[in-house]
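Remarks on the structure that follows.
Each value in this text was obtained by applying a stated rule to the coordinates, not by laboratory testing. None of the values given here were measured: they were computed from a predicted structure. Methodologically, a virtual Cβ is constructed for each residue, glycine included, from the backbone with ideal geometry; neighbour enumeration extends over all protein chains shown.
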Amino acid sequence: MKKETLKSIGAVIAGFAVLVILSIITDSVLQKTGIMKTEPFAENPVWLIAIIVAYRTIFNTLGCYLTARLSPNKPMKHAIILGIIGVVLTIVGLIVMWDIPPRWYPITLIVLTLPAAWLGGKIFLSKTK
């Protein structure tokens with residue numbers, strides 16, 4: 001495997017790891033402080049679920065920014081690849097957890113994932129000019 005291919009894979013993995021770790025840490029803090037309930041998730045107020053969507057979207061943007069920054073070339077392409085991976089994983093999550101309300105939560109994450117990926121790549125590109 002080419003060195004450049006390994007760097008590309010590493011960039012995507014690093015961005016994915018950052019957004020997952022940030023999400024898990026934030027979720028844990030909210031859960032341990034009693035602000036967020038994980039079961040049943042639907043008992044959380046709508047405003048809190050909206051905040052969860054917001055910080056996950058921000059973390060997605062940060063992860064895609066990092067992926068673009070670490071990519072050996074075509075930073076936007078790498079950011080979008082991570083976004084596509086995120087969309088696929090979120091769709092799988094929606095299907096697996098279809099019976100668990102509120103359904104608008106994962107659907108909103110699906111809708112916002114690619115724009116967040118694009119924004120992460122765009123922010124990186126704007127800083128490199």
**Criterion (more than 29 Å from Ala42 (Cα to Cα) and among the hydrophobic types (A, V, I, L, M, F, W, C)) met by exactly one of Ile91, Ile84, Ile110, Ile123** = Ile123
**Asked** Given the structure, is Ile24 of a type in the set (A, V, I, L, M), in a helix (DSSP H, G or I) and surrounded by fewer than 18 Cβ atoms within 10 Å (Cβ to Cβ)?
**Response** yes
**Message:** Of the conditions (1) surrounded by 16 or more Cβ atoms within 10 Å (Cβ to Cβ); (2) over 27 Å from Phe124 (Cα atoms); (3) without any contact (Cβ under 8 Å) to a residue 40 or more places away in the chain, Val96 satisfies every one except a single condition; which number is it?
**Reply:** (1)
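May I ask you to list the residues in the range 1-48 that are more than 20 Å from Ala117 (Cβ to Cβ) and touching a Pro at 6+ places or on another chain (Cβ under 7 Å)? Talk me through it step by step, then tell me what you get.
Pass one, the range 1-48, residues more than 20 Å from Ala117 (Cβ to Cβ): 1-6, 25, 27-48.
Correct list: Glu4, Ala42.
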**Request:** Tell me, please, whether a residue that is in contact (Cβ under 8 Å) with a residue 40 or more places away in the chain, of a type in the set (Lys, Arg) and surrounded by 12 or more Cβ atoms within 10 Å (Cβ to Cβ) can be found in the range 45-61.
**Result:** yes
